[in-house]
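A short write-up of the structure that comes next.
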Amino acid sequence: MTAQADAFAVVRASAAVARGQATWIVGIEPWRSLGYREAALGRYLGRLARTGDVWVARRRRAGGARAGRAPLAVMVATDGFLLGGFIALLAVKPVASGQGIGAALVAHVEARLRPRRRWLFTSCDADNSAALRFYRRLGFRRVGRLPDLVSRGRVELLLRKPIAADAASKK
């Protein structure tokens, strides 16, 4: 993990904290153009937080002190998808974009999955070029195309990254 990523603390979100992230997520792309609604997304995040599948990242305070309160990013990552884990949602507040916080969340989940899983999967809207660049930089590769998955007329791309201990040593 980079020094930049060390600037963030990744913690499991409580149901209340997870629900609260829906407020800002629905206002950013791609969720805005996909028509996500705050109440429904909040219920989804709260439900998955109760199973331990929602993580938030906060900026660490100087000297490694306890992290600031307001999450800058949120990720939903589940285990047990096609011999791997699945990132169902990764959102970074625009004010924190480009600071390594998304990469820190992905690295956190990879580290948790590495002892028992071979792959980390995610999906991404085919028109979301920024997200596709981000995932490619992290080693994800396209393994499938899923038309009409999230919304009629939109295409999701299924992406996969090897995370098994032996795959990591071959880099």
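Read-outs throughout are calculated quantities, based only on the coordinates presented, and are distinct from any laboratory measurement. Please read these numbers as outputs of a predicted model, since none were measured by experiment. Positions of Cβ are backbone-derived with ideal geometry, glycine not excepted, and every protein chain shown enters the neighbour counts.
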Notebook entry, point to check: How do Glu38, Glu29, Glu156 line up, fewest other C-beta atoms within 10 Å first?
Noted result: Glu29, Glu38, Glu156
Check: Of Pro147, Pro71, Pro30, which has the largest mean-square fluctuation in a 10 Å C-alpha GNM of the chain?
Finding: Pro147
Check: Suppose R0 equals 41 Å; then what is the FRET efficiency for Arg141 and Thr23 from their Cβ-Cβ distance, rounded to the nearest 0.05?
Finding: 0.80
Notebook entry, point to check: Which of Val155, Val92, Val56 moves the most in a Gaussian network model of the chain with Cα springs under 10 Å?
Noted result: Val155
Next item on the list: Could you work out the local net charge near Leu120, counting Lys and Arg as +1, Asp and Glu as -1, over the other residues with Cβ closer than 11 Å to its Cβ?
Entry: +4
Check: Efficiency by 1/(1 + (r/R0)^6): what FRET value for Ala40 and Asp127, r their Cβ-Cβ distance, R0 = 25 Å, to the nearest 0.05?
Finding: 0.65
Notebook entry, point to check: GNM, the chain, Cα, under 10 Å: largest mean-square fluctuation among Ala77, Ala111, Ala57?
Noted result: Ala111
Notebook entry, point to check: Can you sort Asp125, Asp148 by how many other beta carbons sit within 10 Å, fewest first?
Noted result: Asp148, Asp125
Notebook entry, point to check: Roughly how big is the chain's charge dipole about its Cα centre, with Cβ charges of +1 (Lys, Arg) and -1 (Asp, Glu), in debye to the nearest 20?
Noted result: 360
Note to self: Using a 10 Å cut-off around each Cβ, can you sort Leu146, Leu158 from fewest to most neighbouring Cβ atoms?
What the structure shows: Leu146, Leu158
